[in-house]
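Structure first, commentary second.
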Amino acid sequence: LYSSVKKKSKSKFLKLLISFFVVVVLCIFFIANHFHKKIFQPNISINSSNSGVFVEIPTGSDFDDVIEILSEKGILVNYNSFKWVSDKKNYIYNVKPGRYFIENSISNNKLVNILRSGRQKVVKLTFNNVRTVNDLAGVISKKIEADSSSIVREVMNPVFLKKLDLTRDKVGCIFIPNTYEFYWNTSARDFVERMLIEYKKFWSQKSRKNKADRLGLNWYEISVLASIVEKEQNIKYDERPKIAGLYLNRLEKKMKLESDPTLIFAIGDFDIKRVLNKDKKIDSPYNTYLNQGLPPGPICIPSINSIDAVLNHENHGYIFMCAKEDFSGYHNFSYDYSTHLVNARKYQRALNKKKILR
């Protein structure tokens, strides 16, 4: 009887022990599964056909700011699990600014790794057909973190201008329109410094330096002339070297440039289609009908095409030009004033016929 009771007691103990181990294993499984889900289960949901979204974290942001940014994007499924993983991986105190591409359906682990690593997607920044530094700053500020006012302040900084021996009027010459790669959190100072490096690189090419030297103009002067060429011919780029040659002829002969686009720049109304005689009397250093030589600065930020048109100008004897009366975008060129007057009257009649008065 004792033996039977002992066997039953031992069997009961084994059952209890097995049950205990089963409970422990199940608890461990559920706890492990809980933490596994927190770490590795997808926690990003993007309600669109896109494979992901860009998230911008400004300079100086803390973890609460990151939460708010993700909340505004509406892509984070469970905030608590993200906070927990962020804490365990020390991201809470290691926030890095930048522009990050967040793929759909990624886990907290991958999300934190991306944000903590600082691995940003570069921004392709393109600018062209820009008139002023203010306009340029407006374009750039849409692509990087720096706002337009901070970019303008950096460009117009007296210390910066003095270092380059530049005036506020000429500073637009240092920007070479092209496509550049930047990180989104680039500061205004870093942007300007990078543009200066690109400017020096552009002019360090031996062929450009040699051609500039032969013209007897410095880099800024070539850019100023290129800006006039650009605004004289915005349609038919193949005519730019001929126009550049004409203005170089006028400079060589000590003639006033008499460029309508410089008048339009002086007036500040860029919708003008027809320059009037009264405009030629406007008191401005940019009025090349009144003032000899180049204006004090560029009338736009000239393209590489326009700069190269000046450096590779056509050699000819033309000193006058007027837009063609067929509105083809090309010009009539002439050697003498009497022929120019004939061309000018043809164009004026064409403007009158189309009732273009201003």
- Query: Between Lys121 and Val77, what is the spin-label point distance in nm, taking each point 7 Å from the Cα along the Cα→C-beta axis?
  - Reply: 2.1 nm
- Query: Ignoring ligands, DNA and RNA, what percent of the accessible area of the chain is carbon or sulfur (1.4 Å)?
  - Reply: 52 percent
- Message: If I model a spin label as a point 7 Å beyond the Cα along the Cα-Cβ vector, how far apart are those points for Phe54 and Asn210 in nm?
- Response: 4.1 nm
- Task: For Ile304 paired with Arg345, estimate the spin-label separation in nm (one decimal), with each label point 7 Å from Cα along the Cα-to-Cβ line.
- Result: 4.6 nm
- Message: Suppose the chain between Leu290 and Ile46 were pulled fully straight at 0.36 nm per residue; how much longer would it get relative to their current alpha carbon spacing?
- Response: 81.7 nm
- Message: Which residue fluctuates most in the GNM of the chain (Cα springs below 10 Å): Arg240, Arg168, Arg131?
- Response: Arg168
- Task: For Asp169 and Asn234, compute 0.36 nm times the residue count separating them, minus their Cα-Cα distance, and round to one decimal in nm.
- Result: 21.2 nm
- Message: Using DSSP to call loops (not H, G, I, E or B), can you name the trypsin sites (Lys or Arg not before Pro) in region 195-299 whose Cβ has at most 16 other Cβ atoms within 10 angstrom?
- Response: Lys236, Lys253, Lys254, Lys256, Lys273, Arg274
- Item | Theoretical gain in end-to-end length, Lys353 to Lys273 [0.36 nm per residue, Cα-Cα removed] | 27.4 nm
- Item | FRET efficiency, Lys254 to Leu161 (Cβ-Cβ, R0 35 Å, nearest 0.05) | 0.75
- Query: Normalized C-alpha radius of gyration of the chain, against 2.2 N^0.38 Å?
  - Reply: 1.65
- Task: State the answer as a single residue: which of Asn113, Asn178, Ser227 lies farthest towards the positive end of the charge dipole of the chain, with beta carbon charges of +1 for Lys and Arg and -1 for Asp and Glu, about the Cα centre.
- Result: Asn113
- Once you sort the root eigenvalues of the Cα gyration tensor of region 209-345 as a ≥ b ≥ c, which label holds: rounded (a/c under 1.5), prolate (a/b larger than b/c) or oblate (the other case)? rounded
- Task: Could you work out the longest stretch of the chain that avoids the chymotrypsin sites (Phe, Trp or Tyr not before Pro) located in DSSP loops with at most 15 other Cβ atoms within 10 Å?
- Result: 94-269
- Just going by the charge dipole of the chain, with Lys and Arg at +1 and Asp and Glu at -1 on Cβ, which of Val275, Ser149, Trp84 is farthest out on the positive end? Trp84
- Query: How large is the accessible surface per residue of region 145-250, computed with a 1.4 Å probe and reported in Å² as a whole number?
  - Reply: 47 Å²
- If a/c stays under 1.5 just call it rounded; otherwise compare a/b with b/c (prolate if a/b is bigger, oblate if not). Do that for region 140-292, with a ≥ b ≥ c from the square roots of the Cα gyration tensor eigenvalues. prolate
- Task: Would you calculate a helix-derived [θ] at 222 nm for the chain, using -39,500 (n - 2.57) for each DSSP H run of n ≥ 4 and dividing by the full residue count, to the nearest 500?
- Result: -16000 deg cm²/dmol
- With a/c under 1.5 counting as rounded, go ahead and sort region 79-142 into rounded, prolate or oblate using the C-alpha gyration tensor (a ≥ b ≥ c being the square roots of the eigenvalues; past the cut-off, prolate if a/b is larger than b/c, else oblate). prolate
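The values are calculated or read from the model by the stated rules, or taken from the named source; none is laboratory data. The structure displayed is predicted, hence computed values, not measured ones. Counting neighbours? That spans all protein chains shown, and the Cβs are built from the backbone with ideal geometry, glycine included. For the accessible areas, the whole protein counts, side chains as well, though only heavy atoms, and no ligand, DNA or RNA atoms are used. Shrake-Rupley method; radii C 1.70, N 1.55, O 1.52, S 1.80 Å.
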